Every structure is written in C-alpha cells, then in structure tokens.
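Since every read-out is calculated from the coordinates, none of them should be taken as a lab result. Predicted model, so just to flag it, every value in this text is computed and none were measured. Because the Cβ atoms are built from the backbone with ideal geometry, glycine has one as well, and the counts that use them run over all protein chains shown.
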C-alpha cells in the first residue's frame, strides 16, 4: 500500500533528521527558514505560509522565543507582531542547515540523481 510505504519512509527520514539536527524538528526548522527569508513576517502570515492554525502557532513561537531563537517586535499598526531571528537563531539555523545537507545526502545516497528528481516530482504530484 502506497500510504504505508510513505509512512515507513517518513519515519526513517525523521529518525535520521532527529539524529542529525538535535533540538529542532523539521517543522521548526521550516519556521526559522521562513522567518530568516522574510524578516518582520507577521505571526498570521507565518501560520498561513506554514499551513498551520494560528492558535497553535502562538505556542510554537513562544517556545522559539523562550529559547532565544526569535524575537517579536510590535508592528506598525500595533495589532501585529513582526518576527525576526536573533543572532542565536541565525547561528543555530546555519548549523542546522549544514546538518540537514549531510542528512539529505545520507537519505538519498541509494538514489541516482535521476531517481531523486523523479521521486521529488512524484511526491509533488501526491502532495498537491
């Protein structure tokens, strides 16, 4: 069954990710990447970009802020907060991205370049 094989593959990838990038989940890395690429992004816009419920996003951002990885700054209209990475957040993200590059090489090691491209294309069709 396709779903079962996808789940097994996801578990294997997440296990290797957790061993490679300690202290950050793939979702949190994604949030840090999005904030880094969009300094000052609002919490609502980040939740939309990450396809997460705004109410659950607040708790995740609270944790990232408590760890000193992001900071909230009041927006221009005073109803919104903009998000920025702190120096520690940028440092941790850079380290995580290097570990992720090694992780990606490991999980794709048994695939040829053509197979990797094909797999990404097929997964793209499923995830639409």
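Taking other C-beta atoms within 10 Å as the exposure proxy, 42, 56 rank 56, 42 from fewest upward. With the biggest extent put first, the Cα atoms of the chain measure 50, 29, 22 Å across the principal axes.
Relative to one another, the C-alpha centroids of the range 100-117 and the range 73-97 are positioned 31 Å apart. Sorting 36, 16, 62, 77 by the number of Cβ atoms found within 10 Å of their own Cβ, with the fewest placed first, yields 77, 62, 16, 36.
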